[in-house]
Amino acid sequence: MALTVLVVDDHMIIRRGLAQILAEDARIAQVDDASDGPTAMRALRTGHYDAVVLDIALGERDGMDVLKSVRAEFPSVGVVMLSVYPESQFAVRALRSGAHAYLNKGCDPDTLIAALCKAAAGSVYVTPAVAELLAHNVRRDGPQAPHESLSNREFQVLQLLVAGKSVSAIAEQLALSANTVSTYRSRVLDKLGVRTIVDLVAYANTHQLRAL
């Protein structure tokens, strides 16, 4: 049966381009698009979708937050995370949070459609790069890197701090209080064993954690 798909990306050219590519495949019956998390959730509540293509960075609402909402409200909907960020930064975290696949935006259309078909069937689609990361995580002898112990929200705050955003700006973007963001900031610094934002930026550079 052909799939109905929702593409969620805050860049119009990208989401319209993806929609056009998907619509040309016989395995896809319908493609709609949404520019942000709230619009995507409204679409899911009013329509029927087999799978979602979800960007990691969605401006005011992080893609990982949207993933959490989709999993909570629509557990049968397949979710394929599609991002410019390297697999090493988000893939394992996304899969642990309930995504069925994590793909880089440089992937070919056949890979994306294959991942959507697997996701819609409730199965996980793993690329060779992600499989290597998963194997490394399972077989790793030494301790995990400090940033891997961060919650999704803490990791998000880390990236926004590294991007140069102030506590108040982060609070506004994430719809949180400044006190809550300050608490997350303290937790991040403590877990990573650093004292200042300069130290945090250095840590992010060392571990190749790209800012949002």
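Every number in this text was worked out from the coordinates using simple rules, so none of it is lab data. This structure is a prediction, so every number in the text was calculated from the model and none was measured. Note that each Cβ is placed from the backbone with ideal geometry, even for glycine, and that neighbours are counted across all protein chains shown.
Tabulated results
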| item | result |
| --- | --- |
| For V194, residues with placed amide H under 5 Å, excluding near neighbours | none |
| Interchain or long-range residues, amide H under 5 Å from L82's placed H | L54, D55, I56, L103 |
| Table column - 3J(HN,Hα) (Hz), the range 115-127, Karplus curve with 6.51, -1.76, 1.60, x for Gly and Pro | 5, 5, 5, 5, 4, 4, 8, x, 9, 8, 9, 10, 6 |
| Inter-label distance for A121 and S166, nm, one decimal - labels placed 7 Å from Cα along Cα-to-Cβ | 5.3 nm |
| Between the range 17-48 and the range 148-212, the alpha-carbon center distance in angstrom | 32 Å |
| Correct option for Cα extents along the principal axes in Å [calculated from the coordinates] among (1) 73, 41, 30; (2) 56, 35, 34; (3) 54, 40, 28 | (3) |
| Pairs of Cα atoms farther than 17 Å apart, the range 146-206, % | 28 percent |
| Exposed trypsin sites (Lys or Arg not before Pro) absent: longest stretch of the chain, with sites in DSSP loops and at most 12 other Cβ within 10 Å deemed exposed | 1-139 |
| Using θ = phi - 60° and Karplus 6.51 cos²θ - 1.76 cosθ + 1.60, couplings along the range 173-178 (whole Hz; Gly, Pro as x) | 5, 9, 6, 10, 6, 4 |
| Computed label-point distance, nm, for sites E148 and S182 using a 7 Å Cα→Cβ extension | 3.3 nm |
| Stretch gain in nm, segment A26-E132, where the contour uses 0.36 nm per residue and the Cα spacing is subtracted | 35.0 nm |
| Distance between modelled label sites at S69 and D190, nm, 7 Å Cα→Cβ extension | 2.9 nm |
| Sequence-distant residues sharing a close amide H with T127 (under 5 Å, placed H) | Y102 |
| The chain: Lys pairs at Cα distance under 25 angstrom, eight or more positions apart or on different chains | 6 |
